[in-house]
Amino acid sequence: MTITMEDLRAGVERIAARLDGVERRDLVGFAASYELRPYLEVHDGVARWILGERSDVLDRRTTRDLDEALYWAAREATRPLSWRRQAARQHLRPPGREPGHPARIVALAEQAALLRGLDPAWGRRFLAELPAEHPGVPAAEVAACLADRPAD
């Protein structure tokens, strides 16, 4: 399947519609800006993810898979949302655990839960990528926190 800009925009809009509390600034853009913010563009059916500020490019990825590009967009949207949810729940303690999970563990569990709510495969993928993406963060502890997570 050839990716179009319309496919990406529609997919990001579907993601945003399913995330309660997402803000416009949390979503991936579709053009370069002067802010340090990722954006997606399409050339010849290939989606390009670019994280840059002005002329500095910090991350660049390409894919011909629409689901892959939307996963990148969903990860971007759920990251700040998960930290806001973690902050709102910081006073909660999972049953049988004192004093609770560290903030980073809770935020990552929140992000995994949000991604899982969008697509169960995205939630599993996020958890599988934790060791590489967040060295030193015990993936088992994130998974345990995810299991302990209070229902929304």
So is Val42 modelled with pLDDT of 95 or more and outside any helix (DSSP H, G or I) or not? yes
How many residues, within region 53-83, are touching a strand residue (DSSP E or B) at 6+ places or on another chain (Cβ under 6 Å) and either within 20 Å of Leu130 (Cβ to Cβ) or surrounded by 15 or more Cβ atoms within 10 Å (Cβ to Cβ) (or both)? 6
Hey, can you tell me all the residues within region 1-22 that are of a type in the set (Asp, Glu) and assigned to a helix (DSSP H, G or I)? Glu6, Asp7, Glu13
Which residue, of Thr62, Thr78, is over 30 Å from Val106 (Cα atoms) and either in contact with an Asp or Glu (Cβ under 8 Å, 6 or more places away or on another chain) or polar (S, T, N, Q) (or both)? Thr62
If the requirement is being at pLDDT below 95, open to solvent by 20 Å² or more (accessible area, probe 1.4 Å), among the aliphatic types (A, V, I, L, M) and outside any loop (DSSP other than H, G, I, E, B), which of these qualifies: Ala107, Ala121, Ala144? Ala144
I need every pair where a residue in region 76-87 that is more than 10 Å from Leu27 (Cα to Cα) has its Cβ under 7 Å from the Cβ of a residue that is not in a helix (DSSP H, G or I), sequence separation at least 6 or different chains. Leu81/Leu19; Leu81/Gly21; Leu81/Val22; Arg84/Gly21
For region 28-46: of the residues being open to solvent by 50 Å² or more (accessible area, probe 1.4 Å) and not small (Gly, Ala, Ser), which is farthest from the chain's Cα centre (by Cα)? Asp44
Of the conditions (1) at pLDDT 95 or above; (2) open to solvent by 40 Å² or more (accessible area, probe 1.4 Å); (3) in a helix (DSSP H, G or I), Arg25 fails just one. Which one is it? (1)
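The values are calculated or read from the model by the stated rules, or taken from the named source; none is laboratory data. All of these numbers come straight from a predicted model, not from anything done at the bench. Counting neighbours? That spans all protein chains shown, and the Cβs are built from the backbone with ideal geometry, glycine included. The area values use the complete protein model at the heavy-atom level, side chains included, leaving out ligands, DNA and RNA. Shrake-Rupley method; radii C 1.70, N 1.55, O 1.52, S 1.80 Å.
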